[in-house]
Amino acid sequence: MLPVKARRQDARNLNVASEVSQMSSNQSDRVFGALEAFRIELPSWGFANTGTRFGKFIQAAAATTVEEKFSDAAQVHRLTASCPSLALHVQWDFPQSLASVDTIRECGHRHKIRPGSINPNLFQDQSYKHGSFGNPDPIVRRRAVQHTIDSIEIAKQLKCRDLSLWFADGSNYPGTANIRQRKSWFEECLKAVHARLSPAQRLLVEYKPFEPAFYHTDIADWGMAHLLAKAAGPQARVLVDTGHHYLSQNIEQIVAWLLAERMLGGFHFNDRRYADDDLTMGSIDPYQVFRIFHEIAYFEWETGQRADIAYMIDQSHNLKGKIEAMIQTVTMAQQLYAKAALVDHKALAVVQSKSELLSAESLLQDAFATDVRPAIRDWRLSKGLPEDPLDAFRQSGYLEQITKERGEKNSKSLSSYA
Ligand code: PSV
Ligand code: MN
């Protein structure tokens, strides 16, 4: 592959130089470098019919098989070059548990998409009514542990590194759960599953302060997830889902602390206005996502180490077209990641040390305000990608084709939860 500078020059020769000139060559090198390194994982569930707790709106083009999910993910990757892997949910994508592994492997090969993080089902089962790892019934806890061990085996067979654990455990009313006891059951179960990881695998522990339980959740915040990950073992890390915080919480501070503790394992990106809204990344508060990426880039600059973070999307759109929404998400992620790469870290460190507040603040604001889209278009052209992935998707005919192929099956789907 050509070095970054040569590729930028190549892109200029492709006659888009007028826009490039607005950005210095150093800035555009940084954008190219950032985009080359950036990968974000797509969620299989983001291509399927989903809804709110009030009902589902069925889409004619939604994926109803794992094969279709891989096929749709491949479209997004083909047009953006940033998402070569697909997160999988054992409940929805492995109907026969370990026996489904061959099917998934074949789908991955056929569509040139790698199976990504494996998400065990620790929430959608009648036995989990009162929790999984925190359930007072030892039989249910053992079952949840066994399911997680099976999921680790699935991950091993598919060469997936990350096991992503999210628990719906919690209680709805004060006094109904022994909170301390549940904490120790969580520690026990997490240790037991951690012991089954291969040396290359990681356990990612996700937290959430509300929903589906509304009085307490067993892993309510990053501090609890951090303590539990520490108790689990050295290969456990914290997973930050941007929708899993109270309103106005400073997420980038959480990120900075987890980075400093070397405990940040990954992200589930989505935007929110009120709760866990699963809206398109950057649609409500793009500066928030920028600030998160900035903390990571600043850490990497200061330490000279690349942070080992799995960036993942966790969104299920029930109104927007699913593939279009994913393309929109990935292009937004690319933009915000590239903008964060423009912050002048050396200058920032100097002005921070002198408490020159306005100068420090401006370094972030200026990077955020920079229009990186022309440089991103150049990068795409240099890689033989379409300048505008969404437009290219609309021109491709793929949506019309799958709408025809899948329409009838989807029209028979249930649209109500009642
Ligand atoms: C729960 O809200 C969550 O964020 C978890 O990551 C789940 O695995 C995912 O959403 C999909 O339901
Ligand atoms: Mn999540």
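The values are calculated or read from the model by the stated rules, or taken from the named source; none is laboratory data. What you are looking at is a predicted structure, and each value in this text was computed from that prediction instead of being measured. Positions of Cβ are backbone-derived with ideal geometry, glycine not excepted, and every protein chain shown enters the neighbour counts.
Looking for whichever is closer than 26 Å to M281 by Cα and more than 16 Å from ligand 1 (Cβ to nearest atom) here; the options are H194, H244, H226. Which one fits?
Values: H194 fails: closer than 26 Å to M281 by Cα; H244 fails: more than 16 Å from ligand 1 (Cβ to nearest atom).
Of H194, H244, H226, the one residue that is closer than 26 Å to M281 by Cα and more than 16 Å from ligand 1 (Cβ to nearest atom) is H226.
In the range 230-244, of all residues being within 19 Å of the chain's Cα centre (by Cα) and small (G, A, S), the one that is farthest from ligand 2 (Cβ to nearest atom) corresponds to A236.
Restricting the range 367-390 to residues that are among the aliphatic types (A, V, I, L, M) and in contact (Cβ under 8 Å) with a residue 24 or more places away in the chain, the residue that is surrounded by the most Cβ atoms within 10 Å (Cβ to Cβ) is A375.
For the range 243-253, the criterion of being among the acidic types (D, E), free of Cβ contacts under 8 Å to residues at least 60 places away in the same chain, within 19 Å of M312 (Cα to Cα) and in contact with a helix residue (DSSP H, G or I) (Cβ under 8 Å, 6 or more places away or on another chain) is satisfied by at least one residue.
Listed residues Q124, Q91; which is within 14 Å of ligand 1 (Cβ to nearest atom), among the polar types (S, T, N, Q) and surrounded by 15 or more Cβ atoms within 10 Å (Cβ to Cβ)? Full working, then the answer.
Details: Q124 fails: surrounded by 15 or more Cβ atoms within 10 Å (Cβ to Cβ).
Criteria check complete, one pass: Q91.
Just checking, which of A349, A310, A333, A275 is surrounded by fewer than 16 Cβ atoms within 10 Å (Cβ to Cβ), within 16 Å of ligand 2 (Cβ to nearest atom) and of a type outside the set (D, E, K, R)?
Details: A349 fails: within 16 Å of ligand 2 (Cβ to nearest atom); A310 fails: surrounded by fewer than 16 Cβ atoms within 10 Å (Cβ to Cβ); A333 fails: surrounded by fewer than 16 Cβ atoms within 10 Å (Cβ to Cβ).
Selected residue: A275, the only one of A349, A310, A333, A275 that is surrounded by fewer than 16 Cβ atoms within 10 Å (Cβ to Cβ), within 16 Å of ligand 2 (Cβ to nearest atom) and of a type outside the set (D, E, K, R).
Of all residues in the range 317-330, those being surrounded by fewer than 18 Cβ atoms within 10 Å (Cβ to Cβ), touching a Ser or Thr at 6+ places or on another chain (Cβ under 9 Å) and not basic (K, R) number 1. Going through (1) surrounded by fewer than 22 Cβ atoms within 10 Å (Cβ to Cβ); (2) modelled with pLDDT under 95; (3) under 16 Å from R373 (Cα atoms) one by one, A11 falls short only on (1).
Just one of the listed residues (F57, F70) is away from ligand 1 (no atom under 14 Å from the Cβ) and modelled with pLDDT under 95, namely F57. Here L247 meets the list (1) within 21 Å of N121 (Cα to Cα); (2) away from ligand 2 (no atom under 16 Å from the Cβ) almost entirely, failing just condition (1). A count restricted to the range 313-330 and to residues that are within 16 Å of ligand 2 (Cβ to nearest atom) and polar (S, T, N, Q) stands at 3.
Checking the conditions here, which among E302, E295 is of a type in the set (D, E), surrounded by 17 or more Cβ atoms within 10 Å (Cβ to Cβ) and not in a loop (DSSP other than H, G, I, E, B)? Spell out how you get there, then give the answer.
Working: E302 fails: surrounded by 17 or more Cβ atoms within 10 Å (Cβ to Cβ).
Sole residue among the options that is of a type in the set (D, E), surrounded by 17 or more Cβ atoms within 10 Å (Cβ to Cβ) and not in a loop (DSSP other than H, G, I, E, B): E295.
For first residues located in the range 391-416 and closer than 12 Å to Q59 by Cα, partners that are acidic (D, E) and modelled with pLDDT of 95 or more and lie 6+ apart or on another chain with Cβ distances below 8 Å form the pairs L399/E324; I402/E68; I402/D72; R406/E68.
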